[in-house]
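The values are calculated or read from the model by the stated rules, or taken from the named source; none is laboratory data. Every value quoted in this text rests on a predicted model; they were computed, and no experiment measured them. Glycine gets a Cβ as well: all are built from the backbone with ideal geometry, and neighbour counts include every protein chain shown. For accessibility, only protein heavy atoms count, side chains too; no ligands or nucleic acids. Shrake-Rupley method; radii C 1.70, N 1.55, O 1.52, S 1.80 Å.
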Amino acid sequence: MKIHSLSKDDVFHTLVTSETGLSEDEAGRRLSEFGPNKITEVGRRSLLIRFLDQFTHFLAILLWIASAMSFLSEYLHPGEGMLTLGIAIVAVIFINAVFTFIQEYRAEKALEELQKLLPFFVRVLRDGREKEITAGEVVPGDVMILSEGDKVPADSRVIESSGLKVNNAPLTGEAEPLSRSSDPFQGEFMESSNIAFAGTTIVSGSGMAAVFATGMRTEFGRIALLTSAVEPGLSPLQKEIVKATRVVAAIAAGVGIFFFCLGFVIGRNFWDNFIFAIGITVALIPEGMLPTVTLSLAMGSQRMAKRKALIKTLTAVETLGSVSVICTDKTGTLTQNRMAVSRLWVYDRTINTGDLHKEDAPELLITALLCNNARFMEGQYKGDPTETAILKTAREMIGDIENERLAEIPFDPERKRMSTVNRTGGKVFAFSKGSVEGLLPLCSHLLKEGRKTLIDDAVRSKILDSCQSLMDRGLRVLAFAHRDMEDRPGPDLSTLEQDMIFLGLIGLEDPPRPEVPEAIGKCNEAGIKVIMITGDASRTAVAIGREIGLIQSDPVIVEGRRFGEMSDYELRKTLTHKEVIFSRMTPKHKMRVVSILKGEGEVVAVTGDGVNDAPALKKADIGISMGMSGTDVAKEASDMVLLDDNFATIVNAVEEGRTVYENIRKFITYIFASNIPEAVPYLSYILLRIPLPLTIMQILAVDLGTDMLPALALGAERPTQGIMKQPPRRPGERMLNFPLIARAYFFLGPFEAAACMFGFFWLLYQGGWHWGEILQANNILYMQATTACLTGIVITQVANVFACRSSRESVFSIGFFTNRLIFAGIAFELALQFFIVYHPWGNRIFATYPISSSIWLVLIPFAFVLFFAEEARKAVLRYAQPHHAAKSAL
């Protein structure tokens, strides 16, 4: 079927449809016949294969080798407990695999839910009436209504076009906008100028198209590789965690091999050395770190979703914490996007909307009604908020007017105006609306009290002064003009916008969002620069900026025309000013601002809602689209979607991003601190020639048992009090830096090591043990001593989880009970330890033996020592930093 070569009537005949679209019954029948309009993913790996992947990464391979060596040693030298160790290590691999797989599966399902929350809607004609349906309900024969910013849901033949242009980049890679007409085309199908392909986007103009292929029958479906599942790359944070895990694992293996060889030098036998090597390796590997990080990021994304910010990629969660500049639109982001006509100006007279009558400005109201792409359908006004507000006011004043639109020159950011040609009342008129600077030069006359008056310098000055007066009130101002086309049968669009009659101005009010001033204040405290980039006039932008607290002094104002003349050096210098506003800007201007800021080392978040904003959204470190008013193209290009289009939500997301990053460092500190009391017993074992104080199974009980829930609870910590009063994190700052490692390994860890070793020796000496005495693995005194050693780690980890809740603030200032999950984690930790110590199954699995309550009482003081030592360290840090800052200021 060469549908591109057919005439409009033949298209309707071939598809068995009409200009009024399908009936609801016929559409339902075709949906059953052709199925939903969706692309089936090709090449997507099965759940089983993805689950098996969890057993082949670096850490898993390392543990597989350890388990194989354990089984081998059990075979060659039975009775040493290596079988239990081998089984335990395999269990570790499976626990890690299941945990990580579940997180990936949950993330995938969350993305599917995100798509449900952001449905892709299409306007079609059904039974002659315009109706909005989801893309999945589109069927062959549907007549779609297309307009700027829409994503085409199915292959379709254009049957009406008014300046319609498409971007075929998703299909062909060519990003140049291509015009679309309704005329038959005799060339190659893929080069047809009358076909709108599925997956492409409407760049400008409007039109109608008849669907001829859906789902896998579209060109996108045939080239299914383009839509096959693509495995997302690891985020920078995940790469860093993997890298750190590999480094730690390599160190652990190196240490194990070193002491294995050292054991022979000091005269130990092979099996003692082998048990030690396996133990020290397992002790130093943070088995639970990677899944804990993944879960923490997922929890952060869920918290952001509750605060109306949908995160599409885990990368965005971590990057948000280091944002240093936010480039934001004004309309709908800083303001409520509830446009309402506030005032009209007709020559020498300003009229409040409440005092308006249709006799006051009939020509202005007719132009406002007809030069408009908003619609009133099903009892609601639908379309762009600005056009909707204008249509509502005009329609309420003069009602609907019978007319036929003959042509349209769509709104263009460069021209800053739109024009239509309409037949009404037996005459043909050209109607235009746009910015004053874009429209006034095209007008030769002014309508004054119903009469045409020549526009001279005095009149022009009067119009501009009145426009500026409206802008100073924070109003968005549009100018209106018309021209009698003298009933020309075929209007010449190239000369349409000439010799027009200026009709007046309409000022629209869009009040600021009440939450924005506080959010701007938070940004100032957090060292985040906010730059307003708006298409509105500078006076309107400044008035709104002062109202929300964005402007405190005299800002640098750059208008679109001047912006185009600035060199990169001039723009770079301008951006160093504290307060900068860009007005009368186009989307390509926004892209240049983002590029310059990134070149200066800033981490940039940028908002956008239009199809032309997509390049800037992709270029920015964090692209933020509008969930309520944004186009499908903008949402796809962004990293985060604002469900409420609110600037305050961006600031909340930045705060949450900083919190997630900070919380990950907290639980990494917590996890790493326990590595020291796990490693010291093994070093003591080989260097001091004492019984092994801690078995490998007991290490695993800590790493994958008692530590897990408290670590996750740290990942749910609320933002610390001063988190939004700190400057943004530097992009090159490493998460696992020396201060973190030093705090975990050289400060917190030694306290825990002292507790576990003290417990071990205390119980041995209480039982009559003498230095150098060899104890068998099944000796009750030995098992009690290792149990006391394990209990010492668990008790001090209880104190450590409170210590790790902040890096410098006192726990007393943030409150003991502000994170109730901590207590749930501690309860689980202690319950599991009681099971390990006092239940026969726990004794059998972990080679422990019940100990008296006096041992617990002896070990508890170590927890208090650790806690208060850390509080003292934080106090010194808090005291030292302000004094250092004061000296630096001097």
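See the values below:
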quantity: When residues of the stretch 345-361 are limited to those that are surrounded by fewer than 15 Cβ atoms within 10 Å (Cβ to Cβ) and part of a helix (DSSP H, G or I), the one nearest to the chain's Cα centre (by Cα); calculated: G354
quantity: Selection from the stretch 430-468 of residues that are open to solvent by 40 Å² or more (accessible area, probe 1.4 Å) and in contact with a helix residue (DSSP H, G or I) (Cβ under 9 Å, 6 or more places away or on another chain); calculated: E437, K448, G450, T453, R460, L464, Q468
quantity: Which numbered condition V702 misses (of (1) under 19 Å from V248 (Cβ atoms); (2) modelled with pLDDT of 80 or more; (3) surrounded by fewer than 20 Cβ atoms within 10 Å (Cβ to Cβ)); calculated: (3)
quantity: Qualifying position, being at pLDDT 85 or above, of a type outside the set (G, A, S) and farther than 30 Å from A799 by Cα, among T631, T649; calculated: T649
quantity: Options G521, G535, G507, G545: the member that is part of a helix (DSSP H, G or I), crowded, with 19+ Cβ neighbours inside 10 Å and either touching a residue at least 24 places away in the same chain (Cβ under 8 Å) or out of contact with any Ser or Thr (no Cβ under 8 Å at 6 or more places or on another chain) (or both); calculated: G545
quantity: Residues of the stretch 317-331 classified as out of contact with any Asp or Glu (no Cβ under 9 Å at 6 or more places or on another chain) and part of a helix (DSSP H, G or I), total; calculated: 1
quantity: Boolean, T20 is modelled with pLDDT of 90 or more, among the hydroxyl-bearing types (S, T, Y) and open to solvent by less than 80 Å² (accessible area, probe 1.4 Å); calculated: yes
quantity: Given (1) within 40 Å of the chain's Cα centre (by Cα); (2) open to solvent by 40 Å² or more (accessible area, probe 1.4 Å); (3) modelled with pLDDT of 85 or more, index of the condition P719 fails; calculated: (3)
quantity: Residue match in the stretch 130-153 (condition: farther than 27 Å from E26 by Cβ, surrounded by 19 or more Cβ atoms within 10 Å (Cβ to Cβ) and of a type in the set (A, V, I, L, M, F, W, C)); calculated: no
quantity: Residue within the stretch 563-580 that is closer than 28 Å to G149 by Cβ, touching a residue at least 40 places away in the same chain (Cβ under 8 Å) and not charged (D, E, K, R) present; calculated: yes
quantity: Selection status of S638, open to solvent by less than 10 Å² (accessible area, probe 1.4 Å), closer than 30 Å to F411 by Cα and hydroxyl-bearing (S, T, Y); calculated: yes
quantity: The stretch 738-752, subset without any contact (Cβ under 8 Å) to a residue 40 or more places away in the chain and under 36 Å from the mean Cα position of the chain (by Cα), residue surrounded by the fewest Cβ atoms within 10 Å (Cβ to Cβ); calculated: F738
quantity: Cβ-Cβ under 9 Å pairs, at least 6 apart or on other chains, the stretch 391-409 side within 20 Å of I506 (Cα to Cα), far side open to solvent by 30 Å² or more (accessible area, probe 1.4 Å) and of a type in the set (S, T, Y); calculated: L391/Y381; K392/Y381; T393/T353; R395/Y381
quantity: Of all residues in the stretch 386-410 being open to solvent by 40 Å² or more (accessible area, probe 1.4 Å) and within 42 Å of the chain's Cα centre (by Cα), the one that is farthest from V341 (Cα to Cα); calculated: R405
quantity: Residue in the stretch 793-809 that is more than 23 Å from A754 (Cα to Cα) and not small (G, A, S) present; calculated: yes
quantity: Extreme residue, modelled with the lowest pLDDT, among residues of the stretch 178-202 that are over 24 Å from R222 (Cβ atoms) and not charged (D, E, K, R); calculated: S179
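To keep it simple, each residue is scored yes or no on (1) among the aromatic types (F, W, Y); (2) assigned to a helix (DSSP H, G or I); (3) under 34 Å from the mean Cα position of the chain (by Cα).
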residue: L775; (1), (2), (3): no, no, no
residue: Q784; (1), (2), (3): no, yes, no
residue: F802; (1), (2), (3): yes, yes, yes
residue: R808; (1), (2), (3): no, no, yes
residue: F817; (1), (2), (3): yes, no, yes
